[in-house]
Amino acid sequence: MMNQINAKFPSDAFRIEADQVCVDYNGTVALYDASLQLRAGVICGLVGMNGAGKSTFFKALMGFVRPSRGFIRINGLEVFTAQRAQAVAYVPQNEGIDCSFPVSVWDVVMMGRYGSMNFLRIPRESDKQAVKHALERVELLDLRSRPIGALSGGQRKRAFLARAIAQRASVLLLDEPFSGVDVRTEKLMSELFLQFRNEGRTILISTHDLSHVRDFCDLVVLINKTVLAYGETSEIFTPENLNMTFGGLSPDVLFGQTPADEFTK
Amino acid sequence: MIDLFASITVFDWFIDPLSHEFMRRALMVSALVGGVCGLLSCYMTLKGWALMGDAVSHAVMPGVVVAYALGLPFSIGAFVFGVGSVALIGFVKQKSRIKEDTVIGLVFTGFFALGLVLVSKIKSNIDLMHILFGSPLGISNSDVVHTLTISGLVVLILLLFRRDLMLYCFDATHARSIGINTGILHYMLLSVLSLAAVAGLQTVGIILVVAMLITPGATAYLLTDRFDRMNLLAILSSSISSVIGVYISYWSDIETGGSIVLVQTIIFLIAFLFAPRYGIFKSQKVMHS
């Protein structure tokens with residue numbers, strides 16, 4: 001799989017390249033001058049408050065909104081071309097999914113293969129293998145015939161991650177991957193993200209949970225309508241930068257995610 | 001009437017009407033249209049398009065009348081007005097501050113009223129009652145051919161694009177992110193809805209056709225967690241209730257459309273009460289296998 005993802009992809013090229021991207025909705029500016037360049041094999045955290053433009057940035061990367069200025073390239077291609085090449089996978093928040101939809105875990109992961117199938121979407125043996133392999137990696141193979149609604153929040157998250165694995169996307173966009181997941185899922189996902197990085201995938205994680213960013217993001221992007229700061233996590237995570245990102249309020253107070261040990265210190 | 005029921009066996013009850021040409025035709029068309037609408041109803045209920053189904057099925061009315069007056073096939077007029085009404089709903093919603101459900105209600109009643117006015121103004125042999133309430137017992141040969149064609153088209157589209165349409169209903173974001181054109185799927189589903197409304201018009205009429213486009217899907221949704229099985233159950237329940245509805249209508253001389261939809265509603269009620277996993281009186285220990 002590693003070869004497939006890195007095939008013909010030079011290590012000095014950018015997986016994600018956004019150049020001075022501006023997005024506005026009917027005259028209201030949601031994002032301006034946002035620039036970002038991510039190489040293969042990095043994990044990058046996209047940090048900002050609600051309404052800071054994280055989801056707008058994701059939508060622009062997926063081609064759902066057209067930048068009024070600037071451009072976006074995925075693997076050096078136009079967004080739509082990259083999507084057709086199955087380069088981009090989006091892993092949604094749990095809230096964005098209709099959990100009572102009558103599909104099994106297997107069906108959901110198989111949806112990751114649709115783009116590679118012919119237009120009748122009849123799974124080939126290779127598609128079934130890819131789905132099985134993806135389910136094994138997220139440890140859900142035993143639950144493959146369960147309805148998606150019968151899974152716990154963490155298991156559901158893993159199912160959608162498996163869909164991205166089955167798709168063999170080189171760019172993964174994850175929306176709040178750690179919200180509402182159990183400890184086992186959290187551990188498994190962190191391990192998977194590191195494996196993805198070694199396989200040459202690029203992961204962009206949209207979150208306002210700073211502890212996870214600190215733990216395993218190589219790079220971090222702080223945004224509030226534009227890119228405020230961007231670089232190595234250790235350099236960017238300064239109190240001044242975070243203050244700027246969260247409008248002068250301490251993020252821990254804002255989001256109620258103060259770890260217990262910080263109280264007892 | 002009670003004597004009549006008492007004097008015949010169940011077997012006769014089903015077999016006797018088949019000696020009439022018009023009954024054979026009505027049963028065949030009703031079962032077919034029921035099945036087609038049943039299949040589509042899965043997508044309508046899963047996508048949350050019940051109100052949209054109501055709107056489109058009413059909005060095709062002026063299209064049917066205009067097509068009739070111009071000597072064109074029903075379905076073309078229905079298609080134009082069905083899709084047109086949805087485009088108009090989208091336009092009004094975008095350009096004003098009015099909420100979507102209000103706009104839907106506004107547009108479809110407007111179209112429906114236009115249809116009524118056109119029927120009374122255009123001198124033709126359109127039977128208003130036929131359009132409003134359907135009349136499978138009096139369906140003509142040309143209408144049978146027409147309905148068969150539309151049904152075939154709807155089934156073909158739904159079968160060819162079933163995976164894409166399912167994905168579109170389940171997770172449109174993912175569909176778009178892997179390069180599937182969801183705009184086309186959206187309008188495809190709307191077009192199929194307009195066509196199915198015309199087919200359903202033959203059996204239950206415009207007023208009740210929305211029931212054919214919702215109830216079977218809702219019933220099946222209570223009975224299974226599998227999309228394929230849901231399709232099958234919806235088709236079966238819809239076809240069977242259409243056939244039983246026609247029989248009841250024949251034996252007790254009641255309005256056919258009403259009787260079909262009533263049977264469907266009763267089947268839904270049974271599922272609502274006794275569905276194994278999602279019914280009110282569900283068995284206490286149902287394990288996911």
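The values are calculated or read from the model by the stated rules, or taken from the named source; none is laboratory data. None of the values given here were measured: they were computed from a predicted structure. Glycine gets a Cβ as well: all are built from the backbone with ideal geometry, and neighbour counts include every protein chain shown. Note: accessible area is taken over every heavy atom of the protein model, side chains too, but ligands, DNA and RNA are not part of it. Shrake-Rupley method; radii C 1.70, N 1.55, O 1.52, S 1.80 Å.
See the values below:
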| quantity | calculated |
| --- | --- |
| Portion, in percent, of the accessible area of the range A:96-168 that falls on carbon or sulfur, probe 1.4 Å | 48 |
| Whole-number percent relative contact order across chain B, with pairs defined as alpha carbons under 8 Å at least 6 apart | 29 |
| Chain A: relative contact order in percent, alpha carbon pairs under 8 Å with at least 6 residues between | 26 |
| For peptides B:50-58, B:161-169, sequence by mean Cβ density within 10 Å, most packed first | B:50-58, B:161-169 |
| Segments B:185-194, A:141-150 sorted - mean Cβ within 10 Å per residue, highest first | B:185-194, A:141-150 |
| Portion, in percent, of the accessible area of the range B:170-266 that falls on carbon or sulfur, probe 1.4 Å | 69 |
| Gyration tensor verdict on chain B (Cα atoms; rounded if a/c is under 1.5, prolate if a/b is larger than b/c, oblate otherwise) | oblate |
| The range A:96-168: relative contact order as a whole-number percent, Cα under 8 Å and 6+ apart | 50 |
| Buried solvent-accessible surface, both chains (B, A), 1.4 Å probe, Å² to nearest 100 | 2700 |
| Other-chain or far-sequence residues with amide H under 5 Å of A:ARG39's (modelled H) | A:ARG15 |
| Extension gain (nm, one decimal) between B:LEU106 and B:ASP12, 0.36 nm per residue minus Cα-Cα | 29.0 nm |
| Spin-label pair A:ASP19/A:LYS187, simplified geometry with 7 Å Cα→Cβ offset, distance in nm | 4.6 |
| Length added when fully stretched, A:PHE80-A:ILE122, from 0.36 nm per residue minus Cα-Cα | 12.8 nm |
| Residue among B:ILE248, B:ILE184, B:ILE157 with the largest mean-square fluctuation in a Gaussian network model of chain B, springs linking Cα atoms under 10 Å | B:ILE184 |
| Between 0 and 90°, nearest 10: helix A:125-137 axis offset from chain A longest Cα axis | 50 |
| Computed lengthening from B:ASP228 to B:HIS186, 0.36 nm per intervening residue step minus Cα-Cα distance | 13.0 nm |
| Cut-off under 5 Å, modelled amide H: who pairs with A:LEU228 long-range | A:LEU222, A:ILE223 |
| Antiparallel bridge percentage (DSSP; both residues within the protein assembly as shown; nearest 5) | 55 |
| Carbon + sulfur, % of accessible area of the range B:61-166 - ligands and nucleic acids excluded, 1.4 Å | 70 |
| Alpha carbon centroid spacing (whole Å) that separates the range B:224-284 from the range B:85-120 | 31 |
| Computed E for B:ILE254/B:ILE76 - FRET, C-beta separation, R0 51 angstrom, nearest 0.05 | 0.95 |
| Residues of the range A:98-114 buried by at least 50 Å² on assembly (accessible area, 1.4 Å probe, chain alone as reference) | A:PHE101, A:PRO102, A:MET111, A:TYR114 |
| Estimated distance in nm for a label pair at A:GLU95 and A:PHE64, the labels positioned 7 Å out from Cα along Cα-to-Cβ | 1.4 |
